[in-house]
Amino acid sequence: MKAIRVHEFGPPDVMRLEEVPVPEAGVGEVVVRVRAAGVNPVDAYVRAGAYARKPSLPYTPGTDAGGVVESVGKNVTLRVGTRVYVSGSVSGTYAEKALCRETDVHELPSKLSFPQGAAINVPYATAYRALFQRAHAAAGETVLVHGASGGVGVAALQIARAAGLRVLGTAGSPKGIGLVLHEGAHYALDHGAPDHFEQALAITDGRGVDIVLEMLANLNLGRDLKILAPGGRIVVIGSRGPVEIDPRESMIRDAAILGMLLFNTPERDLKSIYSALFAGLENGALRPVVGKEMPLGQASKAHEDILNSSAYGKIVLIP
């Protein structure tokens, strides 16, 4: 079968489409025929060698996919032929087939396509954990979602709106701003505008926002602190370098800066996340948006595009 392989950490072109052996399911494992593989910013950080967790070389990137159960090992209850989405893989999902633990394979509601299935795991699990397990968001609070036109951003908009929060989102293009409004934001701001933080503050009549979901902390964290309401929380979901802040801004607001990595989530919390996501996906409150479908062999281009500040929905690879 064909799969993307990385033999050394580096720029996008270290990824190569190669022929590899077909995986076989062991005890508690499932082989999924991948119909679409999700591309996430974390995939690019790992490939570059810039992430806290590095896989052993060589490896196949990817944790997210939508597909069909092709074979199962012993002690597995999933049936061959079941439509699924994947939230982790032993062998990597940028491939025609992926070996997974049964616990990382979830039923895909029939109303969703395979590309939408590939757009679920990292974006929606990250957004849910950031909002409810880290920031402890409550209905009636105001949340600002930076980079709201990307995969995690869209997920956060839909989840926050469904939970009764007042939602502000930023994007970097007119198309992105339109998406932000369509997917649940009460207000959309152009994050290229120098005064968009002041705009957010004005929308709250000067009180400030209760929660900020921060995708690029190295650029925004210092200014985020200045627009927080008393008791406000910032959840750092992404950052590409160091940042200088004034700690007094957090002191005067009794504010909290909370970091998170989805890979740190305890098993009990993961079960809660995926149960909540299935309910939202099944009833239509959560609707993954696929912005671009690309052939598997264009994984390098996908990694270049995923870090674009004008992201629009989710990028998926089609084997």
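The values are calculated or read from the model by the stated rules, or taken from the named source; none is laboratory data. Here the structure is a predicted model, which is why all the values come from computation and not from measurement. Using ideal geometry, Cβ is built from the backbone for each residue, glycine included, and neighbour counts are taken over all protein chains shown.
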**Message:** Looking at the stretch 33-69 only, could you name the residues that are closer than 20 Å to Phe263 by Cβ and β-branched (Val, Ile, Thr)?
**Reply:** Val39, Val42, Val46, Thr60, Thr63
**Request:** Name the single residue, out of those in the stretch 291-319 being in a loop (DSSP other than H, G, I, E, B) and among the hydrophobic types (A, V, I, L, M, F, W, C), that is nearest to Ala119 (Cα to Cα).
**Result:** Ala311
**Message:** So in the stretch 166-178, with the set limited to residues that are under 19 Å from the mean Cα position of the chain (by Cα), within 15 Å of Ala311 (Cβ to Cβ) and without any contact (Cβ under 8 Å) to a residue 60 or more places away in the chain, which one is surrounded by the most Cβ atoms within 10 Å (Cβ to Cβ)?
**Reply:** Gly169
**Item:** The one condition in (1) more than 29 Å from Arg207 (Cα to Cα); (2) of a type in the set (S, T, N, Q); (3) touching a residue at least 40 places away in the same chain (Cβ under 8 Å) that Gln133 fails to fulfil
**Value:** (1)
**Request:** Hey, could you check the stretch 266-275 for residues that are out of contact with any Phe, Trp or Tyr (no Cβ under 6 Å at 6 or more places or on another chain) and buried (at least 17 other Cβ atoms within 10 Å of the Cβ) and say which is farthest from Ala162 (Cα to Cα)?
**Result:** Leu270
**Prompt:** Of the residues Leu258, Leu213, Leu270, Leu225, which single one is outside the structural domain of Thr142 (by TED's automatic domain parsing) and touching a helix residue (DSSP H, G or I) at 6+ places or on another chain (Cβ under 8 Å)?
**Reply:** Leu270
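With the condition being in contact with a Gly (Cβ under 9 Å, 6 or more places away or on another chain) and closer than 19 Å to Val316 by Cα, I'd like the strands (runs of 3 or more DSSP E) fully within the stretch 5-92 carrying at least 2 qualifying residues.
It comes to 29-39, 64-72, 83-87.
Hey, does the stretch 280-290 have a residue that's in contact with a helix residue (DSSP H, G or I) (Cβ under 6 Å, 6 or more places away or on another chain), assigned to a helix (DSSP H, G or I) and surrounded by 17 or more Cβ atoms within 10 Å (Cβ to Cβ)?
No, there is no match, as no residue in the stretch 280-290 is in contact with a helix residue (DSSP H, G or I) (Cβ under 6 Å, 6 or more places away or on another chain), assigned to a helix (DSSP H, G or I) and surrounded by 17 or more Cβ atoms within 10 Å (Cβ to Cβ).
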**Message:** Between a residue in the stretch 179-203 that is closer than 20 Å to Val154 by Cβ and any residue that is assigned to a loop (DSSP other than H, G, I, E, B) and hydrophobic (A, V, I, L, M, F, W, C), which pairs come within a Cβ distance under 6 Å, given they are 6 or more apart or on different chains?
**Reply:** Val180/Ala148; Ala200/Ile227
**Message:** Return the residues of the stretch 116-143 that are under 15 Å from Arg35 (Cβ atoms) and either surrounded by fewer than 22 Cβ atoms within 10 Å (Cβ to Cβ) or of a type in the set (Gly, Ala, Ser) (or both); say none if nothing qualifies.
**Reply:** Gly117, Ala118, Ala119
**Message:** Any residue that is of a type in the set (Ser, Thr, Tyr) and in contact with an Asp or Glu (Cβ under 9 Å, 6 or more places away or on another chain) - is there at least one of those in the stretch 299-311?
**Reply:** yes
**Prompt:** Within the stretch 201-208, is even one residue at pLDDT 95 or above and either crowded, with 24+ Cβ neighbours inside 10 Å or within 21 Å of Gly238 (Cα to Cα) (or both)?
**Reply:** no
**Prompt:** So which of Leu168, Leu221 ends up being modelled with pLDDT of 95 or more and more than 29 Å from Ala276 (Cα to Cα)?
**Reply:** Leu221
**Message:** List the helices (runs of 4 or more DSSP H) inside the stretch 143-235, counting only whole elements, that have at least 2 residues being farther than 22 Å from Pro123 by Cα.
**Reply:** 196-203, 217-226
**Asked** Given the conditions (1) closer than 18 Å to Gly88 by Cα; (2) not in a helix (DSSP H, G or I); (3) not aromatic (Phe, Trp, Tyr), and given that Ser272 satisfies all but one, which numbered condition is not satisfied?
**Response** (2)
**Item:** Candidates Ser149, Ser173, Ser113, filtered to the one that is under 30 Å from Arg79 (Cα atoms) and either among the polar types (S, T, N, Q) or in contact with a Cys (Cβ under 6 Å, 6 or more places away or on another chain) (or both)
**Value:** Ser113
**Request:** Exactly one condition in (1) in contact (Cβ under 8 Å) with a residue 60 or more places away in the chain; (2) in contact with a Phe, Trp or Tyr (Cβ under 6 Å, 6 or more places away or on another chain) is not met by Asp43; state its number.
**Result:** (2)
